[in-house]
Amino acid sequence: MDREVHRMASLRRDNSLWRRGDDVFSRSSSRFQDEEDDEEALRWAALERLPTYDRVRRGILALDEDGEKVEVDVGRLGARESRALIERLVRAADDDHEQFLLKLKERMDRVGIDYPTIEVRYENLQVDAEVHVGDRGLPTLINSVTNTIESIGNALHILPNRKQPMTVLHDVSGIIKPRRMTLLLGPPGSGKTTLLRALAGKLDKDLKVSGAVTYNGHGMNEFIPQRTAAYISQHDLHIGEMTVRETLAFSARCQGVGTRYEMLTELSRREKAANIKPDHDIDVYMKASAMGGQESSIVTDYILKILGLEVCADTVVGNDMLRGISGGQRKRVTTAFTDSHGSMSKEEKNKELIEELSTPPPGSADIHFPTQYSRSFFTQCLACLWKQKLSYWRNPSYTAVRFLFTIVIALMFGTMFWGLGSKTKKQQDLFNAMGSMYAAVLYIGIQNSGTVQPVVVVERTVFYRERAAGMYSAFPYAFGQVAIEFPYIFVQTLIYGVLVYSMIGFEWTVAKFLWYLFFMYFTLLYFTFYGMMAVGLTPNESVAAIISSAFYNIWNLFSGYLIPRTKLPVWWRWYSWVCPVAWTLYGLVASQFGDIQVKLDDGNQTVAQFITEYFGFRHDFLWVVAIMHVVWAMAFAFLFSFAIMKFNFQKR
């Protein structure tokens, strides 16, 4: 009995020791936590003492789940830190996204800041169209030609208008309230697309519209609708060579951060005045999302997360020729809470609507912007150039085949006209040498024009969608398309020029070789830009190819090789001066043979005299010829930009 009592007492002492040990560890852990909290509080206090400009650029971030919290520059968050933060904020897109949004709203509510809202109202909206009915409405060749002739006659008021009026929307009224998702249902042909396009300000100009559409009480003519609303087509149009992440990053880069920075500055100022300490992860997210010009955007990672696109974020989008993401990649959307007013009869009601339309709109967002586009012109140009660079680098087969054919064609012409450039004793020798250089340059130029057209056709379709979304204007897009060709054509010129020049056997002097490269480089440029311009001026690749081929034949006829300029009829001689290929032949021949004072065997003229008198090519005119090459290249580039800006061949 005593032994057992002694053992129980011993157990109680042991348990007491363990309890005391637990208390020691508990106090130690608590003390350690208190020290961490104190250190974190000191960091936050240091942040609060910074000027507002610096304070909105700094935050406190845990680098991992259990890691130490450190002060970071939110404008320089790396990809790993950004994704780790999003993972903590939104672990599951379906469940945590709502909680995340509520945290954002709670932070704003605590200091009395409301997110800008927009209310859209449409009252007595009616859209009418004039269309051909019956067999005349079918898309046949005869109808197309007949309709074109009839439209010209209608414009000249010499033919009657045979189109019939048709009402697409009739006396439609409604309100789209802020923070709600509105579902539009209707059978095919009921006018759903027309209504959406009317609300987005994207109706065709040939439609007759009556009624009113207002955003926060402002009519469509009082602001730029593209900065406030976007109509998303049912067609998925993207650059296939870009990854999902790059596509979203490009969109974010073009659209900027809007008013988030100003709102964040005011939020930080009010929190400091009220001595409110926000959640660190929410604070870093909001600050990072308000910083522009980042290569790795936290907003991009957030969108990838909530749409369930993380698994394919670094996979190319793909197209008909490039395998990419699956067509079944679903896009997840998140909606706010919606209100319900209960069931009402038709007379009681889309009545309530009439009463509500007579009250002032509650929207609070400022919808007045100076331009349709969020970013500066310079930023748009850089973004479009970045996209074009990715498009080329991600399509190695296009670049490889383009350079491969350049080498093949150079070797073919080099072996075909081997050594002809060094023979200048007779007039026929000069004709042969001229023919070799003319054919070699003309062939590769036409190839460049033809190969660039399918690429521009595809990317032009994407441009129409992105311009309509207010991402960038026409000129930055054209700038990217044009600028990316300069380095590629330079490499192409070096490859082709060295092979052809050496194999045909032209004179190896520095001046003549550089002149040859110069004229060839700008010839390839203006042929390439001409191919782009033909696409910009026509509705599709087929029409562009037909028009291009017609002008190639005309240029060839007036180039000065088949018929020298001096032998042309006077009434056609003017066209040889506005034919770009004629200037190419002028530059190539004058730079190679225009200074040779050796007398020909079959005449009393020197080579230079024969070139000048028979063809009208003067060696002392080379600088003017060089300037004309630059002018033609820039002219076709400008016309491409102008065509892209003025014409819209987007399929409705």
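Some notes on this structure:
- Of all residues making up the range 548-561, the number that are within 34 Å of the chain's Cα centre (by Cα) and open to solvent by 70 Å² or more (accessible area, probe 1.4 Å): 1
- Residues of the range 145-200 that turn out to be farther than 29 Å from residue 227 by Cα and assigned to a helix (DSSP H, G or I), as a count: 11
- Selection over the range 401-431 of residues that are open to solvent by less than 90 Å² (accessible area, probe 1.4 Å) and either within 25 Å of residue 608 (Cβ to Cβ) or hydrophobic (A, V, I, L, M, F, W, C) (or both) gives a count of 19.
- If the condition is being open to solvent by 80 Å² or more (accessible area, probe 1.4 Å), under 23 Å from residue 516 (Cβ atoms) and aliphatic (A, V, I, L, M), then the range 601-652 contributes 627, 634.
- Check on residue 375, touching a helix residue (DSSP H, G or I) at 6+ places or on another chain (Cβ under 8 Å), assigned to a loop (DSSP other than H, G, I, E, B), surrounded by 13 or more Cβ atoms within 10 Å (Cβ to Cβ) and modelled with pLDDT of 75 or more: yes
- Residue match in the range 610-623 (condition: closer than 30 Å to residue 467 by Cα and assigned to a helix (DSSP H, G or I)): no
- Close pairs from the range 158-170: first under 19 Å from residue 195 (Cβ atoms), partner at pLDDT below 85 and part of a loop (DSSP other than H, G, I, E, B), Cβ under 9 Å, at least 6 apart: 166/133
- A Cβ distance below 6 Å, combined with a sequence gap of six or more or placement on separate chains, defines the contacts here; from the range 462-479, residues that are within 15 Å of residue 230 (Cα to Cα) and open to solvent by less than 10 Å² (accessible area, probe 1.4 Å) reach residues that are hydroxyl-bearing (Ser, Thr, Tyr) and assigned to a helix (DSSP H, G or I) in the pairs 463/477.
- Identity of the residue in the range 522-547, out of contact with any helix residue (DSSP H, G or I) (no Cβ under 8 Å at 6 or more places or on another chain) and of a type in the set (Val, Ile, Thr), that ends up most open to solvent (accessible area, probe 1.4 Å): 546
- Residue 596 passes every criterion in (1) under 17 Å from residue 511 (Cα atoms); (2) assigned to a helix (DSSP H, G or I) apart from (2).
- Cβ-Cβ under 8 Å pairs, at least 6 apart or on other chains, the range 187-211 side open to solvent by 50 Å² or more (accessible area, probe 1.4 Å), far side of a type in the set (Lys, Arg): 204/652
- Inter-residue pairs, beta-carbon under 9 Å, first closer than 13 Å to residue 505 by Cβ and in the range 431-446, second of a type in the set (S, T, N, Q) and at pLDDT 85 or above, 6+ apart: 433/592; 437/592
- Set side by side, the residues 397, 436, 449 differ, and just one is in the same structural domain as residue 602 (by the TED database) and either surrounded by fewer than 15 Cβ atoms within 10 Å (Cβ to Cβ) or not in a helix (DSSP H, G or I) (or both), which is 397.
- Residue match in the range 113-133 (condition: of a type in the set (Gly, Ala, Ser), assigned to a helix (DSSP H, G or I) and more than 27 Å from residue 264 (Cα to Cα)): no
- Here the helices (runs of 4 or more DSSP H) wholly within the range 492-582 that include at least 2 residues being assigned by the TED database to the domain that holds residue 610 and under 28 Å from residue 416 (Cβ atoms) are 510-537, 541-557.
- Condition met for residue 267 (of a type in the set (A, V, I, L, M, F, W, C), in the same structural domain as residue 165 (by the TED database) and at pLDDT 80 or above): no
- Of 472, 488, all but one fail to be part of a loop (DSSP other than H, G, I, E, B) and either closer than 30 Å to residue 253 by Cβ or not assigned by the TED database to the domain that holds residue 632 (or both); the exception is 472.
- Any hit, the range 218-230, residues being outside the structural domain of residue 465 (by the TED database), surrounded by 15 or more Cβ atoms within 10 Å (Cβ to Cβ), modelled with pLDDT of 85 or more and not in a loop (DSSP other than H, G, I, E, B): no
The values are calculated or read from the model by the stated rules, or taken from the named source; none is laboratory data. As the structure is a computational prediction, the values presented were derived from the model and not from experiment. Glycine also receives a Cβ, built like all others from the backbone with ideal geometry; neighbour counts cover every protein chain displayed. Side chains included, ligands, DNA and RNA excluded: accessible areas come from the protein's heavy atoms. Shrake-Rupley method; radii C 1.70, N 1.55, O 1.52, S 1.80 Å.
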